[in-house]
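K.L.:
Let me give you the structure first, and then I'll get to my questions.
The values are calculated or read from the model by the stated rules, or taken from the named source; none is laboratory data. The model shown is predicted, which means the values in this text are computed figures rather than measured ones. Reconstructed Cβ throughout: ideal geometry from the backbone, glycine too, with neighbour counts over all protein chains shown.
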Amino acid sequence: MKNTIRQVFHSSKFVTGFVILVIILLTMFIYPLINPGNPLEMIGVGTFAKPGTYVSLYDASRTGKETLRLSDADEKRLNRLLSDADRVSMVEWFSAMGIDISGLDISDTDALLDLWKANYTPDSKPAGMTMAKRNYYKRLDKAIKEIGASDTLIITEKHAETGELEEIGSITKTDYVNVGQVANVKSLPLGTDNFGRDVLKELVSATGTSIVIGLIAGTVATLIGLALGLLSGYVGGLVDDLIMFVTNIFTVIPGFVLLILISYSIGQDQRGAAVVAIVIGFTSWTWTARSVRSQVISLRNRDHVNLSKLSGHSLIRIVLTDILPYIASYVVMAFILQVSSGILAEAQLSLLGLGPKTTTTPTLGLMMNWAMLYSAHTNGSWWAYFPVILTITCISFSLNLMNTGLDQVFNPTLRD
């Protein structure tokens, strides 16, 4: 056993896949300790908040301020104000008004603003421009004027008795607060999803649920395939014909189509994560059964098996002690592939809206389904779906690498 384990961990492919899987598992266990709470808690009112660190303006305005004079502060404000789309729109307005823009670099904020201030008037009406577009330019012009209109913002508060607004403070452009002193700061490395939920917290929880689904599905499929394969391969005859008849029926019917039909018939309310995993396992055991049967047929007439028969050992003892140990490595590899297939099957089911019910626990497939339903892929909200795709890829890649490494160790024809 020690020699076998040593050989396994000398396989570079197995070790690489194992390390990737361990990193994913450690993240699943450690991150909830750092960021506890319900992964489905809606912390955002809007949808698809971008990744970043969010500071409470209410608390920041009441935090002790320091005066910093940064030379490029105004330039950064203007660059943040004017997005690439705004700059292109300003050039379109210049062209519509017949203004010479030869040599203008839209990345030159100062030159662009100078030209805008010298030519734009709210009552200008370029030919063929819609009212909505003209209103957009008015809002843009107002924002440009406001950013340079005053160096001070007044903070007011409604008086409890009179109801009148009273000045309680002011904020200048040189006022800065230490983020560490602000009462409420929230870091969202992957932003929020369409429901305003922390994507990273949701992703970690979903990864754990999907792996559990894969483990349950892989266990069910492997046990069914192993039991039927052992029985069919060792007993043979009518039992073999009957088992292979059932196996062939399941093989002819596309497994995923059967999975869809069963999941649909169960109904949304009854489709918990465990139920979906068991259904996946019951529809994906066929190739394991056929493969185990082939292995058993090659072993059932070996000398040690015949000796056990002559000794009067029972069928169960012969199968468990004289045959199963010789195909144990193959069963482990089959189990790893079944786990990977189970995770992918759940993702496919959930993407079609036939996965576990959506109100209890997230899964990787459900996150993909939510992102697709709310068009995250079309509005540029990559953080709602790309990390999910990357996680599924890493899990499947690690499991398949581990399987390939085991195959190189236990399959003599693949050894170097």
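K.L.:
Can you run down the residue pairs with Cβ atoms below 7 Å, 6 or more apart or on separate chains, where the first is in the range 300-328 and over 18 Å from Gly229 (Cβ atoms) and touching a residue at least 12 places away in the same chain (Cβ under 8 Å) and the partner is of a type outside the set (A, V, I, L, M) and surrounded by fewer than 13 Cβ atoms within 10 Å (Cβ to Cβ)?
P.N.:
Close Cβ pairs satisfying both conditions: none exist.
K.L.:
Can you report the number of residues in the range 348-380 which are more than 18 Å from Gly191 (Cβ to Cβ), of a type in the set (A, V, I, L, M) and either surrounded by 24 or more Cβ atoms within 10 Å (Cβ to Cβ) or not assigned by TED's automatic domain parsing to the domain that holds Ala274 (or both)?
P.N.:
Residues that pass the stated criteria total 1.
K.L.:
Give the residue, chosen from Ile260, Ile216, Ile154, that is without any contact (Cβ under 8 Å) to a residue 24 or more places away in the chain, out of contact with any His (no Cβ under 8 Å at 6 or more places or on another chain), not in a loop (DSSP other than H, G, I, E, B) and not small (Gly, Ala, Ser).
P.N.:
Ile154
K.L.:
Is the range 160-179 home to any residue that is in a helix (DSSP H, G or I), in contact (Cβ under 8 Å) with a residue 12 or more places away in the chain, of a type in the set (Val, Ile, Thr) and in contact with a helix residue (DSSP H, G or I) (Cβ under 9 Å, 6 or more places away or on another chain)?
P.N.:
Yes, the conditions are met somewhere in the range 160-179.
K.L.:
Give the number of residues within the range 201-237 that are small (Gly, Ala, Ser) and closer than 28 Å to Pro362 by Cα.
P.N.:
8
K.L.:
Pick from Leu203, Leu140, Leu228: which is in a helix (DSSP H, G or I) and closer than 30 Å to Met244 by Cβ?
P.N.:
Testing whether each residue is in a helix (DSSP H, G or I) and closer than 30 Å to Met244 by Cβ leaves just Leu228.
Results for (1) touching a Gly at 6+ places or on another chain (Cβ under 7 Å); (2) free of Cβ contacts under 8 Å to residues at least 60 places away in the same chain, shown as yes or no for each residue.
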{"site": "Tyr31", "(1), (2)": "no, no"}
{"site": "Pro36", "(1), (2)": "no, yes"}
{"site": "Pro39", "(1), (2)": "no, no"}
{"site": "Met42", "(1), (2)": "yes, no"}
